[in-house]
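Q: This structure is in structure tokens; I'll ask about it shortly.
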Amino acid sequence: MSAPLDIEGPAAPPRSNGELVFAEPWESRAFGMAVSLHEAGVFRWPEFQTALIARITAWTAAREHGGTYPYYRLWLDALEDVLAGLSAVSTDEVVTRARALAQRSPGHDHRDHPR
């Protein structure tokens, strides 16, 4: 079961010459997490697409003109929405982990984390 990534429209991932484009390493990891969790049967892809389109629509409606389109930030937010909706992870767990990661020093993405 693989994610249907040949989608078009606002939910389509950024591409260049047909290849997915990631500006930062975290973007490819967020992308991979969503696809892997879908392939593991944690959620159906249409659920994720609906959440992603809702996030994109809300961002488009709320933003002031200008600024960078944060596609993978919205992707990650949609993944969090889906997982929280399934009670696979609580919103508090997501916030706590995000804060812990934000406090790590730059360049230490692969450091062992406490168990």
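Q: Taking the condition of being in contact with a helix residue (DSSP H, G or I) (Cβ under 6 Å, 6 or more places away or on another chain) and more than 15 Å from L83 (Cβ to Cβ), how many residues in the range 27-58 meet it?
A: Within the range 27-58, residues that are in contact with a helix residue (DSSP H, G or I) (Cβ under 6 Å, 6 or more places away or on another chain) and more than 15 Å from L83 (Cβ to Cβ) number 2.
Q: Next question, about the same structure. Given the conditions (1) in contact with a Lys or Arg (Cβ under 6 Å, 6 or more places away or on another chain); (2) surrounded by fewer than 20 Cβ atoms within 10 Å (Cβ to Cβ), which single one is not true for A61?
A: If we test A61 against (1) in contact with a Lys or Arg (Cβ under 6 Å, 6 or more places away or on another chain); (2) surrounded by fewer than 20 Cβ atoms within 10 Å (Cβ to Cβ), just (1) comes out false.
Q: Would you call V89 of a type in the set (V, I, T), assigned to a loop (DSSP other than H, G, I, E, B) and touching a Leu at 6+ places or on another chain (Cβ under 6 Å)?
A: Yes; evaluated as a whole, the condition is true for this residue.
The numbers here are math on the coordinates, done by the rules we state, and not lab data. Given the structure is predicted, the values throughout are model-derived calculations rather than measurements. Note that each Cβ is placed from the backbone with ideal geometry, even for glycine, and that neighbours are counted across all protein chains shown.
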